[in-house]
Amino acid sequence: SYTTDTKSGEENKKTIENLYRLSVDIKKIRRLKEWVLLQDVAYVKEIASILQEMGADATAVANVLERCPEAILHTPSEINSQRALWQLVCQNEQQLIKLIEQFPESFFTTEYRENQKANILFFQELGLKNNIITRLLTSAPNIFYNPVEKNKNVIETLQRNYLSLGGSDANMKIWILKLLSQNPFILLNTSTAIQENLEFLQKNDFTDHEVLQLLSKLKGFIFQLTPTTMQKSMLFSKSVFKCSDQELKQLMLKCPALLYYSVPVLEERLEGLLKEGISVAQIRDTPMVLELTTQIVQYRIKKLSALGYDIKSGTLESLNGTKKDFEANYGRIQSKKERPIFNPVAPLNIED
């Protein structure tokens, strides 16, 4: 690690010269992380040389050092150790340098190297593919800073709960790996928090099978919730849809977003739909529409209205789904509208 305290308080001329020779935008560094330029010791040439060895061209080197100037404060041996570590999951140096160009901050965080290594090996043993591990290293680096025991503890809690909820041994590994690749941030939770959330659902009369269903549908987001936020969202939905506990449960199994989104988010989305003339009854029939932001709903209604499709009298199914789902549905409605009512090649009835 390095310190931001410097003896002189002046920029290191040698650092500036070396960066200038590499065509690095020094003004950008001054603006964002000037403290790097004040350090008495920096390894500009050495770090640039390591990057070039891995296959980075001059533009890529300059780009990496502009985005993550603190890279030059690490010793060459630290960076070579980090390079060896990431090579455990990268196919080759070409892939590694591409990752460094895209995510320099993740690569140049070297303080937790021992934890990073232990976690990489643990994930490999667990059966996570290397391409998933590299994705986690770059998109969720924090989970590698945890001591490996903490991550093991969370995984064991998930495995234990999966089996106790009626999941099979045969499917458990696939379920865990899918969960991790969809939402690695579950590892930032404590095993106690996970336990509390599952117990909350069971206390609210969700059967073991239904809790398991929710776990899979929520893609691990359930672990970022708390019993308090879930309780509030449930009470809100119950009062809006005027339904019994059993009906509410069915709505939530159909649309876990009712459990996942906070009350202010649900309120805003509901309001947006009502403003468009959509009724509460329609929303209750197709609650998945609440998974969409107000802007997306408005855009989709506008597109469908242009085809003469009246959303107020029809079903909301046509609004649902991903962008791809909606475009496919929209295309079907469009071609149906454009299809001629009569058959132009049919013979005419002369008597008419």
Unsatisfied cross-links (Cα-Cα over 30 Å) in the set 27/98; 28/178; 152/254
28/178; 152/254
On a 19 Å Cα-Cα criterion, which of the cross-link pairs 129/323; 150/232; 129/173; 173/219 come out too long?
129/323; 150/232
Against the longest alpha carbon principal axis of the chain, how many degrees, from 0 to 90 and to the nearest 10, is the axis of helix 294-306 turned?
50
What do you get when you divide the Cα radius of gyration of region 112-234 by 2.2 N^0.38 Å, with N the number of residues?
1.06
With angles folded into 0 to 90 degrees, how steeply does helix 148-164 sit against the dominant principal axis of the chain? Use alpha carbons for both and round to 10.
20
Can you work out D for region 217-333 in µm² s⁻¹ from Stokes-Einstein, where Rh is the Kirkwood radius over C-alpha pairs, the temperature is 37 °C and the viscosity is 0.692 mPa s?
221
P(r) of the chain over all Cα-Cα pairs, 10 Å bins starting at 0, rounded to whole percent, reads 5, 19, 19, 19, 18, 13, 5, 2, 1, 0, 0
Could you work out what % of the accessible surface of region 11-110 is carbon and sulfur, using a 1.4 angstrom probe and leaving DNA, RNA and ligands out of the count?
48
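Taking every pair of alpha-carbon atoms in region 40-180, give the share separated by more than 21 Å as a whole percent.
On the way: 4618 of 9870 pairs.
Everything past 21 Å amounts to 47 percent.
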Go through region 220-233 residue by residue and turn each phi into a ³J(HN,Hα) via Karplus (6.51, -1.76, 1.60, θ = phi - 60°); whole Hz please, and just put x for glycine and proline.
x, 5, 4, 6, 9, 9, 10, x, 5, 5, 5, 4, 4, 5
Given points 7 Å out from each Cα along the Cα-Cβ axis, report the residue 242 to residue 159 separation in nanometres with one decimal.
5.0
Pop the C-beta distance of residue 235 and residue 335 into the FRET formula with R0 = 56 Å and round what comes out to the nearest 0.05.
0.80
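Show me the three semi-axes of the equivalent ellipsoid for region 11-110, from the C-alpha gyration tensor (sqrt of 5 times each eigenvalue), largest first, rounded to whole Å.
On the way: eigenvalues 101, 35, 27 Å².
Square roots of five times the eigenvalues give 22, 13, 12 Å.
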If I model a spin label as a point 7 Å beyond the Cα along the Cα-Cβ vector, how far apart are those points for residue 170 and residue 41 in nm?
5.9
Using alpha carbons only, how many degrees (0 to 90, rounded to 10) separate the axis of helix 76-86 from the longest principal axis of the chain?
30
Mind giving me the nanometre distance, one decimal, between the label points for residue 312 and residue 281, set 7 Å out from Cα along Cα→Cβ?
1.5
Within region 112-217, DSSP-loop chymotrypsin sites (Phe, Trp or Tyr not before Pro) with at most 16 other C-beta atoms within 10 Å are 112
Restricting the calculation to Cα positions, tell me the Rg (one decimal) and the Dmax (whole number) of region 246-311 in Å.
12.3, 39
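The values are calculated or read from the model by the stated rules, or taken from the named source; none is laboratory data. Model, not experiment: these values are computed from the prediction. Backbone-built Cβ (ideal geometry, glycine too); neighbour counts: all protein chains shown. For the accessible areas, the whole protein counts, side chains as well, though only heavy atoms, and no ligand, DNA or RNA atoms are used. Shrake-Rupley method; radii C 1.70, N 1.55, O 1.52, S 1.80 Å.
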